[in-house]
Amino acid sequence: MTPLARRLGAEALGSSLLAATVIGSGIMAERLAQGNGAVALLANTGATVAALATLIALLGPVSGAHFNPAVSFVEALRGRLTWREAGGYTVAQLVGCCSGALLAHAMYAQPLLQASTHARAGIGQWLAEVVATFGLLLVVLGHRRAEDAPWMVAGWIGAAYWFTASTSFANPAITVARALSNTFAGIRPGDVPGFVAAQLAGALLACPAARALFASSPRRP
């Protein structure tokens, strides 16, 4: 296996397991919470934070553990990935996240192919996705030590689940996958473009902010 193939495999596998966690824990949480939305969101958050931190720590040394086209896009803008590599990462992330949605459905004996009816649209939701993705990229670009990435990224996403109106998708590939699941974590397919545009806007805004804040603080190994 070539080094690039290994990296793409890590991105696809990590993205799949992450999407399966987000969607599967949402299904389990909704079943057990008996209509209590706060309890369901708390369970969904806890599972996502744990899986995200673990996957970043495990696969970060292989591929960088992006699992997110917005991260790969920014890394290409910074010259840390070639555009060809970023394109490969994005395809791997999309395929991985969509396969993770199918895996979650299979585990819960649900129809594999679904289309969400969960409405998520409007200025507040889009602004929330800008904020969530901006904060995520600020953490990605600004953390000083590699070993800090798992807990800092997972911590931000966990917090943003609760303080953003959108519950912090912050990831175009996850957004597409969640449109394929008519469950607690879903989003209507028609609402996906607005979310993705907001996520990319947040990622782009994070670049100059990170450059201004962290330019004089070299990252330690």
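Derivation of every value follows stated rules applied to the coordinates shown; laboratory data play no part. Quick caveat, the model's predicted, so the values are computed rather than measured. Positions of Cβ are generated from backbone atoms using ideal geometry, with glycine treated the same way; all protein chains shown enter the neighbour counts.
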Open item on the list: Please list 3J(HN,Hα) in residue order for region 119-127, calculated via the Karplus relation 6.51 cos²θ - 1.76 cosθ + 1.60 where θ = phi - 60°; whole Hz, with x for glycine and proline.
Closed with: 6, 9, 8, x, 4, x, 5, 5, 4
- [ ] Evaluate the relative contact order of the chain (contact order divided by residue number), counting alpha-carbon pairs under 8 angstrom at least 6 apart; express in whole percent.
- [x] 28 percent
Task: Label corresponding to Kirkwood radius over Cα pairs in Å when calculated from the structure given, among (1) 17.2; (2) 19.1; (3) 19.5 - done: (1)
- [ ] Just subtract the alpha-carbon distance of residue 5 and residue 58 from 0.36 nm times their residue separation and send over the number in nm, one decimal.
- [x] 17.4 nm
Open item on the list: Can you give me the distance in nm between label points at residue 113 and residue 147, each placed 7 Å from the Cα along the Cα-to-Cβ direction?
Closed with: 4.8 nm
- [ ] Can you pull the one-decimal nm distance between simple spin-label points at residue 77 and residue 31, each 7 Å off the Cα toward Cβ?
- [x] 4.1 nm
- [ ] At 7 Å along the Cα-to-beta-carbon direction for both residue 42 and residue 163, put a label point, then send me their distance in nm to one decimal.
- [x] 2.0 nm
